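For reference, the structure discussed in these notes is given below.
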Amino acid sequence: MSVTSRGKARARKRLVLSAVASHPAGADLTYTWSFSDGKVREGADVVHRFKSKGEYRVVLTVTDGEQTSRVRLLVEVKKAAKKAKKSTGNGKGKKGKRSGSRR
């Protein structure tokens, strides 16, 4: 079984987690992700948002209805990235007047 993530683990940002597992007889598998913040997600690919920075435990359980495998992960979530300030440039000079010569 392998687990991958797409994106950086940042507070309040989407983190995509994916798992791949196989069964020798080709049986259907059920994927359950349990997060230490109390949330549970189903499916091989899930999206999760952590509310704040810190360390979180994630347990992935894969079952075919008879046998079960588990992977335990520790995810370190960084603080949310600062938002970039929007430019207020409007193509005008100081005090809203157009720059350049007047006629």
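The values are calculated or read from the model by the stated rules, or taken from the named source; none is laboratory data. In this text the structure is predicted, and so the values were computed from the model without any measurement. Cβ: placed from backbone, ideal geometry, glycine included. Neighbour counts: every protein chain shown. The accessibility values were calculated without ligands, DNA or RNA, using every heavy atom of the protein model including side chains. Shrake-Rupley method; radii C 1.70, N 1.55, O 1.52, S 1.80 Å.
At a glance:
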read-out	value
Residue list for region 8-31, restricted to those being in contact (Cβ under 8 Å) with a residue 60 or more places away in the chain and among the aliphatic types (A, V, I, L, M)	ALA9, ALA11, LEU15
Matching residues, region 34-51, being assigned to a strand (DSSP E or B) and open to solvent by 30 Å² or more (accessible area, probe 1.4 Å)	SER34, VAL40, ARG41, GLU42, ASP45, VAL47, ARG49
For SER101: the one exception among (1) open to solvent by less than 100 Å² (accessible area, probe 1.4 Å); (2) at pLDDT below 95; (3) hydroxyl-bearing (Ser, Thr, Tyr)	(1)
Given (1) closer than 15 Å to GLY7 by Cβ; (2) modelled with pLDDT of 95 or more; (3) aliphatic (A, V, I, L, M), number of the condition LEU60 does not satisfy	(1)
Candidate set: region 1-22, residues that are β-branched (Val, Ile, Thr) and more than 8 Å from the chain's Cα centre (by Cα); chosen: the one farthest from THR68 (Cα to Cα)	THR4
Answer residue from region 16-33, given it is closer than 19 Å to ARG72 by Cα and modelled with pLDDT under 95 and is surrounded by the most Cβ atoms within 10 Å (Cβ to Cβ) among those	ALA21
Residue under evaluation ARG12, criteria (1) open to solvent by less than 70 Å² (accessible area, probe 1.4 Å); (2) closer than 16 Å to GLU76 by Cβ, criterion not met	(1)
Cβ pairs under 6 Å, 6+ apart, first in region 53-66 and in contact (Cβ under 8 Å) with a residue 60 or more places away in the chain and assigned to a strand (DSSP E or B), second surrounded by 14 or more Cβ atoms within 10 Å (Cβ to Cβ) and not basic (Lys, Arg)	VAL62/ALA21; VAL62/LEU29; VAL62/TYR31
